[in-house]
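What follows draws every value from the coordinates through simple rules; no lab data is involved. Owing to the predicted nature of the structure, the values given are computational and were not obtained by experimental measurement. Cβ: placed from backbone, ideal geometry, glycine included. Neighbour counts: every protein chain shown.
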Amino acid sequence: MPADRTLNQLRATCRSADPVRAAGEGDHIAGVPARYVAAPRDTAQAAALLRAAADLDLAVTFRGGGTRQDWGSPPRRLDLILDTTALAGVVEHAAGDLITVVRAGARLDALAPVLAGAGQKLALDAPLPGGTVGGAVATNAAGPRRLLYGTPRDLLIGVTLVRADGVVAHAGGKVVKNVAGYDLGKLVTGAYGTLGLITECAFRLHPLPAAVAYVARTVDDAAEAGRLAAAVRGAQLVPAALEVDAPVTGPATVTVLVEGTPAGVAARADAARRLLGVDATVADRPGADWGRLPWRPGDTGLKLTVALSGVPRLLADARAAADRHGLPLALRGSAGVGVLYAGLPGTADPARVAALVDTLRAATAAAAGHTIVLTAPAAVRQRVDLWGPVDGLALMRRVKQRFDPDARLAPGRFVGGI
């Protein structure tokens, strides 16, 4: 079918030419160019577009703020990018129930002040400016506050999903205790858009704390930072976050975030300071790199997970492994939940990076964890399996088959080529 006829059919589906256009130079996913871009304004329009894409046998990948488009594997084929940025705004904010329903294209950094007006927050960090609600859910991305509040999978209580055939499905509800269909929300969270398009999300909210304190101490190396983090984790502080930042060179920093009433925060901050040592500082704002990922666009970014008891050892082993392979490795992440992120320069030798990934996978596997390559230059991608060994892959393939039997949604983007 000629390209102009396909474009016209997609536009006819929307009853307007505005939401659909030919792809431009910047319209690609992980380096794979698209043919068309559509920006539906509501769930009904998104459903119509996906029905048309199914009839035309178009491969579709979803895009929000574009902050994580280089995460995961490149799609095997790509015809249509469905852009969610027009699906923005708050559908409902039931402040009395601590619930909000937001559209997938809503930016996290724009949502925060809206909720703050009611003294509430969606406890999801935004490590990448411009990231959307849908992107956070699709990748299950979480920052420092995951220690106390959890990940998107934990905060999501309802979802509206458009399947590959254009059928709209609803799961969960606007009540925290409502579990009807809740598993669908869990299923699509972290699936990288391979099971359907998320158009609306219902989240449980939390009150804004009356006071916060960031207690930080700088130490000589990552291993010492890991030991201090373990000491804090073993105490009864109930921190909102416990972060370790170990840059390529120089000292490492441990930061503890406590939230609550002014008197309670003051007491817990003092206790954290005693645990960290006399050199610890207390502030009401975090450092400049708080919650940021330790890499830049074009670099290699890794996610390392281990059991909590394995965090100090992983910090030491990761730095030692990088030194053996002659690579500069930056580490930053949540020592309180066993999730660390690691960054390597995009100019690093691809063969050495691949060897380091193998070493890190052995280290994390020994501590009941995994090493995932979230993003990397093409030369590194050619040498490594981004996802590594994953339990339950056969089941995941069956789920994909049920939701997207023709494999047209983000084909190949997820684990095992799903």
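Between 368, 325, 188, whose Cα lies farthest towards the positive end of the dipole of the chain when Lys and Arg beta carbons carry +1 and Asp and Glu beta carbons carry -1, centred on the Cα centre?
Final value for the positive-end residue is 188.
Could you work out the pair-distance distribution P(r) of the range 357-418 from its alpha-carbon pairs, with 5 angstrom bin width and percents rounded to whole numbers?
Going from the shortest bin to the longest, the percentages are 4, 15, 23, 20, 18, 13, 6, 1.
Taking the chain as a Gaussian network, where each spring joins two C-alpha atoms under 10 Å apart, which residue of 326, 26, 338 fluctuates the most?
Among 326, 26, 338, the largest mean-square fluctuation in the Gaussian network model of the chain belongs to 26.
Enumerate the amide H contacts of residue 83 below 5 Å, restricted to partners 5 or more residues apart or on another chain; note that Pro and chain-start residues carry no placed amide H.
Close amide H contacts, sequence-distant or interchain: 38, 39, 63.
Over the range 300-381, calculate the relative contact order: mean separation of alpha carbon pairs under 8 Å at least 6 apart, over the residue count, as a percent. If you can, show how the numbers build up before the last one.
Values: 123 pairs, mean separation 38.4, N = 82.
Reported as a whole number, the value is 47 percent.
Can you count the Lys pairs in the chain with C-alpha separation below 19 Å, eight or more apart or on different chains? Show your work: numbers first, answer last.
Details: 121/174; 174/186; 177/186; 186/400.
Close lysine pairs under the 19 Å cut-off: 4.
Between the range 230-287 and the range 1-77, how far is it from one alpha carbon centroid to the other, in angstrom?
46 Å
Take the chain, mark every one of the trypsin sites (Lys or Arg not before Pro) that falls in a DSSP loop and has at most 10 other Cβ within 10 Å, then report the longest stretch left between them, sites excluded.
Values: sites that count: 15, 177.
Between exposed loop sites, the widest span is 178-418.
Taking the beta-carbon count within 10 Å as an exposure proxy, list 203, 403 from fewest neighbours to most.
Numbers: 203 26, 403 20.
If I rank by nearby Cβ atoms, fewest first, I get 403, 203.
With θ set to phi - 60°, apply the Karplus curve 6.51 cos²θ - 1.76 cosθ + 1.60 along the range 75-87 and write out the HN-Hα couplings as whole Hz, x wherever there is a Gly or Pro.
With coefficients 6.51, -1.76 and 1.60, one gets x, 5, 8, 8, 10, 10, 9, 9, 8, 9, 5, 7, 8 Hz.
If you find the alpha carbon centre of the range 369-393 and of the range 87-152, how far apart are they in angstrom?
28 Å
Counting other beta carbons within 10 Å of each Cβ, put 25, 200 in order, fewest first.
Working: 25 6, 200 21.
By the 10 Å Cβ count, ascending, the order reads 25, 200.
Using square roots of five times the C-alpha gyration tensor eigenvalues, list the equivalent-ellipsoid semi-axes of the chain in whole Å, biggest first. Don't skip to the answer; put the middle values down first.
Working: eigenvalues 280, 145, 59 Å².
Semi-axis lengths for the chain are 37, 27, 17 Å.
How high is the relative contact order of the chain, in percent, with contacts defined as C-alpha pairs under 8 Å that are six or more residues apart?
Working: 931 pairs, mean separation 63.9, N = 418.
Relative contact order for the chain comes out at 15 percent.
Going by C-beta contacts inside 10 Å, put 4, 385 in order with the fewest on the left.
Values: 4 9, 385 17.
Exposure proxy ranking, most exposed first: 4, 385.
Mind putting a number on the dipole of the chain about its Cα centre? Charges go on the C-beta only, +1 for Lys and Arg and -1 for Asp and Glu, and I need it in Debye to the nearest 20.
On the way: 46 positive and 37 negative charges, 117 e Å.
Its charge dipole is roughly 560 debye.
By what distance, in whole Å, do the Cα atoms of the range 90-207 stretch along each of the three principal axes, largest value first?
For the range 90-207, the Cα spread along each principal axis is 40, 30, 24 Å.
If R0 is 22 Å, what FRET efficiency do you get for residue 248 and residue 378 from their C-beta distance, rounded to 0.05? Mind dumping the intermediate values first?
Values: r = 23 Å, r/R0 = 1.05.
It comes to 0.45.
Would you compute, for the Cα atoms of the range 211-283, the largest minus smallest coordinate along each principal axis and list the three values in descending order, in whole Å?
37, 22, 20
Rounded to the nearest 5, what % of DSSP beta bridges with both residues in the chain are antiparallel?
Values: 65 of 73 bridges.
So the antiparallel bridges in the chain amount to around 90 percent.
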